[in-house]
Amino acid sequence: MPHPHSEGLTDFIPAARIEELLARPPAQAGEVRAVIDKSTALQRLSLEDMAVLLSVDDPALQEEMFEAARRLKRDVYGNRIVLFAPLYIGNKCVNSCRYCGFRRENDQVVRRTLTDDELRAEVHALVSKGHKRLVIDYGEHPDYGPETIAHAVRVIYSAKNGGEIRRINVNCAPLDVAGYRMVKEAGIGTYQIFQETYHRPTYAEMHPRGPKADFLWRLYGQDRAMEGGCDDVGLGALFGLYDWRFEAMGLLAHAIHLEDTFGVGPHTFSFPRLKEASNRALQPQYILSDADFKRLIAILRLSVPYVGMILTAREPAELRRQLIDFGCSQIDGGTRIEIGGYSEGEGEQDLAREQFRIGDNRSLEEVVAELLEMGEIPSFCTACYRSGRTGEHFMELAKPGEIKHRCTPNAIATLAEYLADYAGPETRQAGEAVIARELERLDESDRRLTERLLARVREGKRDVYC
């Protein structure tokens with residue numbers, strides 16, 4: 001049944017137009033390069049522009065797109081990668097999503113919701129490894145209303161263990177405006193919700209029962225979040241349910257809608273691929289290959305230059321290493337998605353306790369060490385949220401590419417903090433070498449600023465930022 005509050009809402013995803021654009025023949029080289037030039041001038045692309053990039057089948061032109069995506073990522077964000085951890089708090093669910101291990105018909109999954117003491121234990125385990133940023137996850141269930149989520153946020157922020165969590169993003173079922181206002185007042189950062197698929201016939205097939213069956217109620221989740229004061233919102237689709245090109249266009253159409261409605265686009269894009277799940281109820285027909293996944297990430301980066309892009313541990317370590325360079329700005333590390341998995345041991349993965357199978361189960365320090373080897377700056381920065389650089393203010397810096405003048409000094413300072421407090425000797429040595437190299441690369445103003453932050457960290461100060 002449609003949600004009563006979705007009555008009167010209109011579908012802003014132009015499905016017929018998208019299908020028409022996707023039917024176009026491959027674009028000529030000049031047209032492709034004109035779109036790339038528009039993107040590298042830091043202009044958000046139109047649906048027609050994205051269709052040009054999606055049509056490219058010439059390997060040489062695709063390589064030009066990949067190189068443009070690499071350059072654009074560094075122009076906007078620099079060479080830093082923000083690290084976070086997902087924290088699953090409850091997996092009770094009333095929905096019947098055919099691809100998900102938490103679906104209500106799955107009697108093989110172990111249902112559980114963390115108590116406050118169990119939640120504190122999870123946070124202590126995460127903080128002991130060096131984590132500063134979390135995204136908390138829930139199933140959709142009456143027990144997980146906004147009061148419950150707001151309470152969990154406060155518990156997490158209060159759970160100190162020689163360090164603390166400084167930013168909590170939330171991935172939960174869509175709320176009403178009052179609910180969003182409540183979780184925002186608890187201190188959340190970005191609110192993210194994935195539409196899963198923007199193709200309505202596929203959406204109906206994948207979500208036959210439960211509140212999630214209402215396409216429009218979910219589609220307007222970010223609108224209500226912004227009306228409730230959550231000025232940073234994240235979009236996402238689950239790639240593998242329908243044609244990946246349609247879903248990419250859906251993400252862009254959603255971003256355009258937010259810009260047109262609120263003057264602020266999405267803070268992040270997520271693009272998880274369909275993975276094995278406990279007792280799932282579908283035979284996948286639209287599996288996204290690694291080659292097309294690479295194209296997707298580059299095209300998303302080119303299409304919305306300012307957006308943060310999240311590459312998760314669903315993907316194997318080697319593939320993540322290859323894909324980071326194509327525009328990703330956030331990854332998770334040391335990931336466990338079993339409820340209680342951080343504090344209750346690090347044994348073999350148990351699909352009956354997970355929403356899906358993850359592909360990269362390395363420790364946080366292993367991920368940090370690899371990023372250092374790649375020439376990236378591992379960042380635990382939470383400065384924008386703590387300085388009020390969110391929503392429109394963030395976009396004013398991100399869209400012209402100015403945000404890196406805050407991101408890079410803060411990333412280096414948080415890396416220095418991590419190296420001093422959590423890293424082993426080899427990682428510490430590699431990290432100090434990266435810091436020295438990055439200082440040489442900065443312009444004089446940014447270098448002076450960064451050196452001031454580093455001096456405070458080395459004096460024993462923590463949580464320093466600009």
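The values are calculated or read from the model by the stated rules, or taken from the named source; none is laboratory data. Keep in mind that what you see is a predicted model, and the values were worked out from it rather than measured. Cβ: placed from backbone, ideal geometry, glycine included. Neighbour counts: every protein chain shown.
The table below lists the values:
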quantity: Residue match in the stretch 455-462 (condition: at pLDDT 95 or above, under 22 Å from L371 (Cα atoms) and hydrophobic (A, V, I, L, M, F, W, C)); calculated: no
quantity: Those residues of the stretch 81-127 which are charged (D, E, K, R) and surrounded by 23 or more Cβ atoms within 10 Å (Cβ to Cβ), in sequence order; calculated: R103, E122
quantity: Matching entry among D231, D243 (being under 16 Å from I13 (Cβ atoms), acidic (D, E) and touching a residue at least 24 places away in the same chain (Cβ under 8 Å)); calculated: D243
quantity: Pick from the stretch 23-65, criterion among the basic types (K, R) and touching a residue at least 24 places away in the same chain (Cβ under 8 Å), ranking: nearest to G263 (Cα to Cα); calculated: R44
quantity: One residue from V155, V127 being in contact with an Asp or Glu (Cβ under 8 Å, 6 or more places away or on another chain), among the β-branched types (V, I, T) and farther than 16 Å from I339 by Cβ; calculated: V127
quantity: G236 vs. criteria assigned by TED's automatic domain parsing to the domain that holds K132, in contact with a Leu (Cβ under 8 Å, 6 or more places away or on another chain) and closer than 19 Å to P142 by Cβ; calculated: no
quantity: Number of positions in the stretch 26-49 that are in contact with a Ser or Thr (Cβ under 7 Å, 6 or more places away or on another chain) and farther than 21 Å from G250 by Cβ; calculated: 1
quantity: Selection from the stretch 206-231 of residues that are in contact with a strand residue (DSSP E or B) (Cβ under 7 Å, 6 or more places away or on another chain) and of a type outside the set (G, A, S); calculated: M206, Q222, M226, C230
quantity: Criterion: closer than 25 Å to R166 by Cβ and modelled with pLDDT of 95 or more - qualifying residue of A420, A398, A433, A383; calculated: A420
quantity: Selection within the stretch 51-79 - assigned to a loop (DSSP other than H, G, I, E, B) and among the hydrophobic types (A, V, I, L, M, F, W, C); calculated: V56
quantity: Residue in the stretch 130-140 that is buried (at least 21 other Cβ atoms within 10 Å of the Cβ), among the basic types (K, R) and at pLDDT 95 or above present; calculated: yes
quantity: Hey, V82 out of contact with any Cys (no Cβ under 6 Å at 6 or more places or on another chain), touching a residue at least 60 places away in the same chain (Cβ under 8 Å) and outside any helix (DSSP H, G or I) or not; calculated: yes
quantity: Residue satisfying all of: in the stretch 39-80; touching an Asp or Glu at 6+ places or on another chain (Cβ under 8 Å) and more than 14 Å from L300 (Cα to Cα); surrounded by the most Cβ atoms within 10 Å (Cβ to Cβ) among these; calculated: R80
quantity: Which numbered condition K92 misses (of (1) under 30 Å from S343 (Cα atoms); (2) without any contact (Cβ under 8 Å) to a residue 24 or more places away in the chain); calculated: (2)
quantity: Residue in the stretch 198-210 that is surrounded by 21 or more Cβ atoms within 10 Å (Cβ to Cβ), hydroxyl-bearing (S, T, Y) and within 17 Å of T10 (Cα to Cα) present; calculated: yes
quantity: Any pair with Cβ under 6 angstrom, 6 or more apart, that starts in the stretch 316-338 at a residue that is touching a residue at least 60 places away in the same chain (Cβ under 8 Å) and ends at one that is of a type in the set (K, R); calculated: D325/R70; G327/K73; G327/R301; G334/K129; E338/R353
quantity: Counted residues, the stretch 298-332 - those being part of a loop (DSSP other than H, G, I, E, B) and farther than 21 Å from L372 by Cβ; calculated: 5
quantity: Exclusive hit being in a helix (DSSP H, G or I), touching an Asp or Glu at 6+ places or on another chain (Cβ under 9 Å) and outside the structural domain of G334 (by TED's automatic domain parsing), set A430, A420, A413; calculated: A430
